[in-house]
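The values are calculated or read from the model by the stated rules, or taken from the named source; none is laboratory data. Since the structure is predicted, the reported quantities are computational estimates derived from the model, not experimental observations. Neighbour counts run over all protein chains shown; Cβ positions are idealised from the backbone, glycine included. In case anyone asks, the SASA skips ligands and DNA or RNA and just uses the protein heavy atoms, side chains included. Shrake-Rupley method; radii C 1.70, N 1.55, O 1.52, S 1.80 Å.
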Amino acid sequence: MAQTALVVGVSGIVGGATTELLLAHGWNVHGLARRPQARPGVTPVAADLTDAGSTKAALAGVQPDAVFITTWARQDSEAENIRVNGAMVRNLLDALPAATGPRHVALVTGLKHYLGPFEAYGKGTLPQTPFREEQGRLDIPNFYYAQEDAVFEAAARDGFSWSVHRPHTVIGKAVGNAMNMGTTLAVYATLAQETGRPFRFPGSSAQWEGLTDMTDAGLLAQHLLWAATTPAARNEAFNVVNGDVFRWKWMWRRIADWFGIEPAPFDGSIQPLEAQMAGDAELWRTIATREGLVEPDLARLASAWHTDADLGRPIEVMTDMGKSRRLGFTGYQPTDDAFFDLFARLRADRLIP
């Protein structure tokens, strides 16, 4: 008998990739979003998780064997991030009918668990890299911790198993996503190609020179499914990255070569994409009209602020996956291939020329 999944944030990068994988493995999938789009094989669930009543009504009768929480809502302060995102997880789990059998809840957070929230990102006393799950929480408020606590409280009350997944920057396809480095860099390269502007690494010397890693959305989906179906992985928090490491001074040329442009020299200064692309909305609209692209709104494709935060970090960031490896997860994805696969998909779907 096919198992049933509830993917929360089905329209996002991680939610979309997880849905594709679950369908390929024969799961019945309910996809929750504020405004879910029609998708073959997916039962849409329209719900605003900030509204407990409407969430409960939307989930009436949904009996998932596994719940994958892959969404969050950005607020103006960390205090509001904590209040809103913690409440969203509580409202979701409170709304689910009592389980008729074992249930697993997987929560996707990220490396801000170790680096701190946006208001204090990469500042203060941070744990050593590579980050390891046993390093625990920073002594600072963080909405990831509030999300975790909501899962832990519901698990203790309702008896389900859980897993927490902490990816590094995720590479994957979505439109209107708040954190989307891959598409942001594809748009930046397209604009450089169009205008002849330098295709210059916008971040810090620490990121340019230091080792780093990333997480492909497809590999993260594999990790989520593995944890949900592997008894030894229950009630554990995991880091999850592709398995390779690289330096941006190598990767930047790889990306430039894919687009057929020459990378500009890096002089060590930070030149944020948010400033570089601030006046490009009309230019992108012109390109989209000329090339027949399906999304003319630059703001729905590029999240320059988030890419700047990651590429501007003053420290080297790497992630240990020893816990997953010991428990049997062997997934691996070369990061340059993850970028190239995304760029090809964006081009095939007419999101970039």
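The residues in segment 160-195 that are modelled with pLDDT under 95 and open to solvent by 20 Å² or more (accessible area, probe 1.4 Å) can be counted, and the count is 6.
In segment 228-239, the count of residues that are out of contact with any Gly (no Cβ under 9 Å at 6 or more places or on another chain), hydroxyl-bearing (Ser, Thr, Tyr) and either in a helix (DSSP H, G or I) or open to solvent by less than 30 Å² (accessible area, probe 1.4 Å) (or both) is one or more.
How many residues does segment 265-282 contain that are exposed (fewer than 15 other Cβ atoms within 10 Å of the Cβ) and either out of contact with any Pro (no Cβ under 9 Å at 6 or more places or on another chain) or among the small types (Gly, Ala, Ser) (or both)? Adding up the residues that qualify gives 8.
Considered as a group, the residues in segment 289-344 that are in a helix (DSSP H, G or I), among the basic types (Lys, Arg) and surrounded by 15 or more Cβ atoms within 10 Å (Cβ to Cβ) include one that is nearest to the chain's Cα centre (by Cα), and that residue is Arg300.
Take the conditions (1) farther than 27 Å from Arg234 by Cβ; (2) in contact (Cβ under 8 Å) with a residue 60 or more places away in the chain; (3) open to solvent by less than 20 Å² (accessible area, probe 1.4 Å); Phe68 misses just one of them, which is (1). Tally time: how many residues in segment 134-152 are touching a residue at least 12 places away in the same chain (Cβ under 8 Å) and either of a type in the set (A, V, I, L, M, F, W, C) or open to solvent by 20 Å² or more (accessible area, probe 1.4 Å) (or both)? Total meeting the criteria: 10. Given the criteria part of a loop (DSSP other than H, G, I, E, B), among the hydrophobic types (A, V, I, L, M, F, W, C) and in contact with a strand residue (DSSP E or B) (Cβ under 8 Å, 6 or more places away or on another chain), does Ile261 qualify? Answer is yes for this residue.
The set of residues from segment 293-319 being more than 20 Å from Phe266 (Cβ to Cβ) and touching a strand residue (DSSP E or B) at 6+ places or on another chain (Cβ under 6 Å) comprises Met318, Thr319. The residue that is most open to solvent (accessible area, probe 1.4 Å), among those in segment 71-89 that are more than 19 Å from Ile13 (Cα to Cα) and β-branched (Val, Ile, Thr), is Ile82.
Going residue by residue through segment 135-154, is there one that turns out to be under 18 Å from the mean Cα position of the chain (by Cα) and within 30 Å of Val294 (Cβ to Cβ)? No, because not a single residue in segment 135-154 is under 18 Å from the mean Cα position of the chain (by Cα) and within 30 Å of Val294 (Cβ to Cβ). Evaluation of Gln37 against the conditions (1) farther than 17 Å from Gly172 by Cβ; (2) not in a helix (DSSP H, G or I) shows that the sole unmet condition is (1).
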